[in-house]
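*Asks:* The structure's right below; bear with me while I get my questions together.
The values are calculated or read from the model by the stated rules, or taken from the named source; none is laboratory data. What you are looking at is a predicted structure, and each value in this text was computed from that prediction instead of being measured. Cβ placement follows ideal geometry from the backbone for every residue including glycine, while neighbour counts extend to all protein chains displayed. Just so you know, the surface numbers come from the protein's heavy atoms only, side chains and all, with ligands and any DNA or RNA stripped out. Shrake-Rupley method; radii C 1.70, N 1.55, O 1.52, S 1.80 Å.
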Amino acid sequence: MGGQEADSQALTEQRLALEWFERSLDQPEAKRDAWLEEHCGDAGVRERVRRLLVADSGGDSFMESPAYPLLETMLPAGSRVGAYRVDRLIAEGGMGSVYLAHRDDGVYEQEVAIKFLHPLLRAPEANRRFASERQILAQLQHPNIAQMLDAGHTDENVPYVVMEYVDGVSITEFCRRNETTLRDRLALFRKVCSAVSAAHRVLIVHRDLKPGNILVTAEGRPMLLDFGIAKMLDQGIEVNRATTVMALTPAYASPEQIQRRTITTSSDIYSLGVLLYELLSGRRPYELDRLSPAQAQSVVCDTAPPLLSQSVAAAGSDLVVPVPARQLRGDLDVIVMKAMHKEPDRRYGSVQEFSEDIHRYLRGLPIHARADRVGYRVAKFVGRNRWAVVAALMVLLSLVGGILASTWQAQRAEQAALLAQAEQTKAEKINAFYKNVFMSPSSQWLSSYGKGADVSIEQVLDFAGSQVDSKLASEPALQVDVLDTLALAFQGMGVYRKSLEVARRALETAQRQLPATSPLLAVAEYRVAQGYYLTTELEQAEPHYLRAISLARESMPADAEVLALMHNDLAVLYGDQHRLGEAEREQQSALDILRRRMQGKPFPAIAIGIGNLGFLRMQRGNLKGAMDAFDSAESMFAQMPDREFAEKAIVLYNRSVVHTVNGEYAQADADARQAVQIAEKQYGRDHPLLATILARRIETAVDLNEADSVAPLVQRARGINATHHNSDKPTSARVELPAAYWYLARRDFAQASKALDTVERLRRQVQVPDDRLDRVSARIWALRGELLLAQGKPAQARPLLQRAVDMERKLYGPDVAETRRFQALLDKAGEANAEDAAQGKRDPPQDG
Amino acid sequence: MTRLLTDWQSGDLAAGDRLIRLIYPDLRRLAFRQLDGAAQVTLQPTALVHEVWLKLDGADRLGCESRAHFMSLVARIMRQIVIDHARHRSAGKRDGGVRITLHEQLRAPDQQDLDVLALDQALYRLASIDKDKARIVEMHYFGGMSSDEIAAVMGCSAITVKRGWRTAKAWLREQLE
């Protein structure tokens, strides 16, 4: 008999045994043996059935409870883990289990909590990250943070973390038990803020702030647990974005956490906002308990929670309300809502600011949180189109300054309208305006455009604009505010003419009806200035900027962000007019205001402003100052690692230019490469700015004698320009100039000459005067001269090279590498010419 | 995913594999997300399945039977997770014998820990003798499914499931002890 047959026979026997076993179960237990003997003829099968019956009669709990894979082997009291001895299990949860333990190596007595990571959460590659993370956490020391003492792996490779043991109750429970007063609650909360802020300073985000992680000891000292643990754990879990399954919705998680977008310190601010809401109202902003995760997600991400004061007022008498609603109305409402804003950028800039506003409230000072931008309400109304509006706003505004002086107008859009004080009534009136205009049954809107018709955002805004005078006749301030928002929205959509038109209406109304001390008047001037700038009426823009700044100085705090924005914009305008000294001065004013405001903290607008300052210095030939500025802009970007800023590409681009001028070609190339990488990611692979940045890389590659490898770069850059029908626009010169340089390096004189012709033709469109100190002019002459020299026409090359050298000397001085490079070309042309003259030759006649 | 689920129900095995690949990371993630302040969260597969199921696009149109099928799929994943974990733990040991503690709260004090790797092997053998019984074990023991739910998947009565479970259990016990 072959093995296979034997196997198959055994299988058959087993199968039969199972059948007979089941049938015998129908018999009374005592009679089963006899019944089998009688009915089942196969002794082998009978023997198997008997063994099954024995096993079946065991009757204890064999396999009775399902094998949930999640529970860790219980550690008996007295087990040793590292330097600690386990006392008892404190808690067991989805994340793993927590044991109370004490130090047991005779060094000192200390109670600790040891957390074991859940088996399900242990990814093989997580261990390495775990190790690096814990080093960072070990450095986090604060009187209100439970210190991480140790971490490691058991013999079975189970990761654990040892934390300072905190004996306390959750912060919400503490306040409830002690019936803590409003002031004490706020003071307690501020201590929590100071702990979170300390962590943020070393760039540790908690990610999981909730009452269960904030215990208060019997002495009333709040202690934060599990700092950074969530991140350590999260890294062990692979994210599968391909599925439609979303994570569960913890009540304190921010919208970006729920949607698995980038988590930053701002996510903690949101969670703190939810916590404050609960501390003050006794309930959470959203009731999520009975919802499916998908429903919960849409609630957290898409709906506004009731105001704190409304939540308390609605609670009625059945709930013990910790703080009366009237005490919460107004400032506290605004503070909590700002912290809980759905968009991270619109929350407090830091936990410290958040805490500071509470402090101001406690001292009876006006708070910094301002009413939510009115435009938000427009956007909200616009509904499904809102992201289009916001996106358009962001993209277009960020492009205004172009490559040469990037601005931070996206932020401006956020802040310009933040001027008005946070008056709930005002926001309500504006809301009512939009409701009235668009939603009421008698609304002309409905009859004009029909229900559900596909209307453009522009139409919506137009209509809103047409209603302002009649619907808000008695409210000039609101009129101005609404018009300003509309102007901003048109600006964002790139409809600059219309934006200017509406801005001018706002300004007329403001001049006629508002006092000169109203900040709205300054903003209205500012918006008109922007309108003229964007419609390229630069001369018209300047006086409005100047008036806006002088009005703002009178009507706003000296460190108002909008004031900084005005200076910045004016700097951009002066830059465009090549009034570089004035531009640098304005840029510096903008930076001073922001630095004062941010008190040394890194801030995108500051980094970008410094970059712009560097650019202006570079334009004026101050290479050293420019390099310093670019370096410090770069290091500020590096201090904000949570986000990559597109503007960094521009800073690197400009720094690359300075390196080239200094003859530091390798560094120039490194910067250019990095700039390309960032631009590809942040602007996209067919963005016009990318073409310009690629052009820089072409130049650095040629400088490094890598001319042969750049053909694809030239193609890409030209391709992008062609896609945008930009090939005939002046910006294309930025690509054609390095292309000419490249052709020359390959000694393809015909193509080089053609590219240079294009550059010169495009430059004529922008009418750069020959006497303007401008490196690009010098480069063009030098390149033309170099080409003529290579073609054996030194006599024609000389005057051009001479002009290039003169220009560079004036700009940078005689000792800069690029000046010397042009000088060397000039010398060579001189020698060749002298040689030719000695041989009685002249330049061959030029073609055509 | 709903599409994959229907394909799998109608016999497309590859669809089942793809589903597992899609769901597995989310189960892990869900397990992690369970921690929400409340201590003592027991991560029962049924609870996890519930969460995942609710989030399936169009799950509400699929009805109870599909849901049970889906649970059976999760049971298979759970089995895999248990086994992976046991293997991982055994990798560091010399004798190769692995004992994994089962559900702590329900465990009788005198009960021996079960060697899940041996159980896994035995289940493969059982499948070659009686495929349905092996599936019942997988769904009930690893997936925490009730007899009714298993019956819905297998298209038989709950009585048959109960009897099958008893038989399979006796067989496994006989094999393992």
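*Asks:* Restricting to region A:722-744, give me the number of residues that are open to solvent by less than 10 Å² (accessible area, probe 1.4 Å) and within 18 Å of A:Asp686 (Cβ to Cβ).
*Replies:* 2
*Asks:* Tell me, yes or no, whether region A:23-40 has at least one residue that is loosely packed, with under 14 Cβ neighbours inside 10 Å, within 12 Å of another protein chain (Cβ to nearest Cβ) and modelled with pLDDT under 75.
*Replies:* Taking every residue of region A:23-40 in turn, none turns out to be loosely packed, with under 14 Cβ neighbours inside 10 Å, within 12 Å of another protein chain (Cβ to nearest Cβ) and modelled with pLDDT under 75.
*Asks:* If you check A:Gln715 against the conditions, is it under 35 Å from the mean Cα position of the chain (by Cα) and modelled with pLDDT of 90 or more?
*Replies:* It is true that A:Gln715 is under 35 Å from the mean Cα position of the chain (by Cα) and modelled with pLDDT of 90 or more.
*Asks:* Residues to consider are A:Gln599, A:Gln588, A:Gln619; find the one that is at pLDDT 90 or above and of a type in the set (S, T, N, Q).
*Replies:* Numbers: A:Gln599 fails: at pLDDT 90 or above; A:Gln619 fails: at pLDDT 90 or above.
That would be A:Gln588, the only listed residue that is at pLDDT 90 or above and of a type in the set (S, T, N, Q).
*Asks:* Condition (residue is more than 9 Å from every other protein chain (Cβ to nearest Cβ), at pLDDT 55 or above and open to solvent by 40 Å² or more (accessible area, probe 1.4 Å)) applied to region B:103-114: is it met by at least one residue?
*Replies:* Within region B:103-114 (the criterion being more than 9 Å from every other protein chain (Cβ to nearest Cβ), at pLDDT 55 or above and open to solvent by 40 Å² or more (accessible area, probe 1.4 Å)), the answer is no, since none of the residues qualifies.
*Asks:* Please pick out the residue among A:Ala695, A:Ala691 that is open to solvent by less than 20 Å² (accessible area, probe 1.4 Å), at pLDDT below 90 and assigned to a helix (DSSP H, G or I).
*Replies:* Checking each option against the conditions leaves just A:Ala691.
*Asks:* So which of A:Ala506, A:Ala516, A:Ala529 is open to solvent by less than 10 Å² (accessible area, probe 1.4 Å) and more than 30 Å from the chain's Cα centre (by Cα)? Spell out how you get there, then give the answer.
*Replies:* Working: A:Ala516 fails: open to solvent by less than 10 Å² (accessible area, probe 1.4 Å); A:Ala529 fails: more than 30 Å from the chain's Cα centre (by Cα).
Criteria check complete, one pass: A:Ala506.
*Asks:* Okay, moving on. Of the residues A:Leu100, A:Leu140, A:Leu149, which is at pLDDT 70 or above, away from chain B (no Cβ under 14 Å) and part of a strand (DSSP E or B)?
*Replies:* When all the criteria are applied, what remains is A:Leu149.
*Asks:* Considering only region A:152-199, how many residues are within 14 Å of chain B (Cβ to nearest Cβ) and of a type in the set (S, T, N, Q)?
*Replies:* 4
*Asks:* If we keep just the residues of region A:146-181 that are surrounded by fewer than 20 Cβ atoms within 10 Å (Cβ to Cβ) and touching a helix residue (DSSP H, G or I) at 6+ places or on another chain (Cβ under 6 Å), which is farthest from A:Val336 (Cα to Cα)?
*Replies:* The selected residue is A:Glu156.
*Asks:* Would you pick out the residues in region A:616-636 that are assigned to a helix (DSSP H, G or I) and of a type in the set (Lys, Arg)?
*Replies:* A:Arg617, A:Lys624
*Asks:* Working only within region A:543-565, note down all residues that are of a type in the set (A, V, I, L, M, F, W, C), surrounded by 20 or more Cβ atoms within 10 Å (Cβ to Cβ) and modelled with pLDDT under 90.
*Replies:* Hits for region A:543-565 are A:Ala560, A:Val562, A:Leu563, A:Ala564, A:Leu565.
*Asks:* So A:Phe62 passes all but one of these: (1) modelled with pLDDT under 90; (2) out of contact with any helix residue (DSSP H, G or I) (no Cβ under 7 Å at 6 or more places or on another chain); (3) not polar (S, T, N, Q). Which condition number does it fail?
*Replies:* It is condition (2) that A:Phe62 fails.
*Asks:* Follow-up. Under 7 Å by Cβ, and 6 or more places apart or on different chains, what pairs join a residue from region B:135-157 that is at positive phi with one that is of a type in the set (Val, Ile, Thr)?
*Replies:* Short answer, once both residue conditions are applied: B:Gly144/B:Thr46.
*Asks:* Looking at (1) at pLDDT 85 or above; (2) more than 11 Å from every other protein chain (Cβ to nearest Cβ), find the lone condition where B:His140 falls short.
*Replies:* (2)
A quick yes/no check of all residues on (1) closer than 30 Å to A:Glu644 by Cα; (2) open to solvent by less than 30 Å² (accessible area, probe 1.4 Å); (3) modelled with pLDDT of 80 or more:
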| site | (1), (2), (3) |
| --- | --- |
| A:Gly228 | yes, yes, no |
| A:Asp234 | yes, no, no |
| A:Val239 | yes, no, no |
| A:Ser254 | yes, yes, yes |
| A:Thr262 | yes, no, no |
| A:Val274 | yes, yes, yes |
| A:Leu279 | no, yes, yes |
| A:Val312 | no, yes, no |
